[in-house]
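Some notes on the structure that comes next.
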Amino acid sequence: MTANDGHTSIASAAAAAAVAAAAAVSGTPLSNSTHWSNEETKLLIKTWGEYRDSFAEIKRNLSVWNKVLDRLLNAGFFRSVEQCRNRWKFLESKYKTAAQEIESMGRTTWEFFDDMDEAKYGPKGSKSHLRRRRHS
């Protein structure tokens with residue numbers, strides 16, 4: 001174990017404790033549900049996009065995920081970093097499938113495509129041509 005790994009474990013434990021404390025104070029339990037509301041999902045995507053450069057620059061990005069988690073907590077969504085990471089992996093997988101649908105069929109019906117495209121590539125990102133085609 002490196003010194004950095006120990007720091008990451010401490011930070012992760014502190015983040016988990018903060019989430020649990022915030023949930024307890026608000027009277028809202030930490031969500032164990034795998035279901036994410038559209039509002040919660042859109043906030044996760046938007047916030048990830050705001051930290052896109054940090055995610056790209058930092059290999060061990062727990063500190064960045066904690067910032068994303070703080071935004072969700074402030075909006076009243078009680079999730080863990082692990083839940084956020086898992087949701088993001090799922091969204092990235094769906095995004096790739098939707099991009100392939102657009103390339104092959106000219107459209108996708110996935111409701112989060114535009115949000116993900118903007119989060120990953122910016123408002124005029126490299127996949128923005130797919131965004132325009134989605135609505136045609």
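The values are calculated or read from the model by the stated rules, or taken from the named source; none is laboratory data. From a predicted model like this one, the values you see are computed outputs, not experimental measurements. Here the Cβ is made from the backbone with ideal geometry for all residues, glycine too, and neighbour counts use every protein chain on show. Quick note on the areas: whole protein, heavy atoms, side chains included, nothing else; ligands and nucleic acids left out. Shrake-Rupley method; radii C 1.70, N 1.55, O 1.52, S 1.80 Å.
Apart from one condition, A99 fits all of (1) over 16 Å from F112 (Cβ atoms); (2) open to solvent by less than 20 Å² (accessible area, probe 1.4 Å); (3) of a type outside the set (D, E); (4) at pLDDT below 95; the exception is (1).
Is there a residue being out of contact with any Gly (no Cβ under 7 Å at 6 or more places or on another chain), open to solvent by 40 Å² or more (accessible area, probe 1.4 Å) and small (G, A, S) anywhere in the stretch 106-113? Within the stretch 106-113 (the criterion being out of contact with any Gly (no Cβ under 7 Å at 6 or more places or on another chain), open to solvent by 40 Å² or more (accessible area, probe 1.4 Å) and small (G, A, S)), the answer is no, since none of the residues qualifies.
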